[in-house]
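Student: Just dropping this structure here.
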Amino acid sequence: MASVSWRHALFFLVVVNLSVLTMACSSHYGNAIEEFCLAKFKLDMEVLDQRQWCSWEDTVESYGELTNCTFLVALKMNCFWPNQMVDEFFIRVHRHYFHDCSLSGRLLHDPPNRILGPFIVVPILVTLLMTALVVWRSKRSEGIV
C-alpha cells in the first residue's frame, strides 16, 4: 500500500514540475525568441529581395538559424522544445514571410528552353506531318475500295 502512495506522490511531483516549467516558459520564452531570434531573422530577410523569400536556396540558412535559435533559447530557459509557443511563433513567421510561396517551397518558373522546346515543337511537327499524310492519301485514291 505504501508503494501505491509513493507512486501517486511521484506522479503528482512530475505533473506539478512539468506545469511549473511550462508556465515559466510561457511568460518569458515568447519574449525571448521574439527579441533574440526574430530580430536577427528580420534583418536577414530584409537583405533579400521580397521575390527571393520563396527561394529555399536563399532562405535556408536564415531559417535554420531561426530554428536553432528557438531551440537554444528553450534549452537555456529549461523549456521543452518544440512547444506550443514555438509552433505559434513559426506560424506567424510563415504567414508574414512565406504566405505567397508554393507548397514545394520553390519559386515557380518556366523550365529552360532546351527542355520546353521539344514539348512545343514535336506536337506541331506531328500535326503537320499527319495533315500532309492525309492530303497525300486523299489525292492517291486508286488503292482505296
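Student: So residue 75 passes all but one of these: (1) at pLDDT 90 or above; (2) surrounded by 15 or more Cβ atoms within 10 Å (Cβ to Cβ). Which condition number does it fail?
Tutor: For residue 75, the exception is condition (2).
Student: Touching a residue at least 60 places away in the same chain (Cβ under 8 Å) and assigned to a helix (DSSP H, G or I) - does that describe any residue in region 23-41?
Tutor: Of the residues in region 23-41, the ones touching a residue at least 60 places away in the same chain (Cβ under 8 Å) are 25.
So of that shortlist, the ones also assigned to a helix (DSSP H, G or I) come out as 25.
Yes; the residues of region 23-41 include at least one that is touching a residue at least 60 places away in the same chain (Cβ under 8 Å) and assigned to a helix (DSSP H, G or I).
Student: Yes or no: region 13-27 includes at least one residue that is modelled with pLDDT under 70, open to solvent by less than 70 Å² (accessible area, probe 1.4 Å) and in contact with a helix residue (DSSP H, G or I) (Cβ under 9 Å, 6 or more places away or on another chain).
Tutor: Yes, some residue in region 13-27 is modelled with pLDDT under 70, open to solvent by less than 70 Å² (accessible area, probe 1.4 Å) and in contact with a helix residue (DSSP H, G or I) (Cβ under 9 Å, 6 or more places away or on another chain).
Student: Take region 85-101 and flag every residue that is open to solvent by 90 Å² or more (accessible area, probe 1.4 Å) and at pLDDT 90 or above. Write out each step before concluding.
Tutor: From region 85-101, those open to solvent by 90 Å² or more (accessible area, probe 1.4 Å) are 92, 95-96, 99-100; that's our starting set.
92, 95, 96, listed by residue number.
Student: A further question follows. From the list 48, 66, pick out the single residue that is open to solvent by less than 70 Å² (accessible area, probe 1.4 Å) and modelled with pLDDT of 95 or more. Give the steps one after another, and end with the answer.
Tutor: Numbers: 48 fails: modelled with pLDDT of 95 or more.
After applying the criteria, what remains is 66.
Student: Take region 54-73 and flag every residue that is touching a residue at least 40 places away in the same chain (Cβ under 8 Å) and within 15 Å of residue 90 (Cα to Cα).
Tutor: Answer for region 54-73, where residues must be touching a residue at least 40 places away in the same chain (Cβ under 8 Å) and within 15 Å of residue 90 (Cα to Cα): just 73.
The values are calculated or read from the model by the stated rules, or taken from the named source; none is laboratory data. Owing to the predicted nature of the structure, the values given are computational and were not obtained by experimental measurement. Don't worry about glycine lacking a Cβ; one is built from the backbone with ideal geometry, like all the others, and counts go over all protein chains shown. The accessibility values were calculated without ligands, DNA or RNA, using every heavy atom of the protein model including side chains. Shrake-Rupley method; radii C 1.70, N 1.55, O 1.52, S 1.80 Å.
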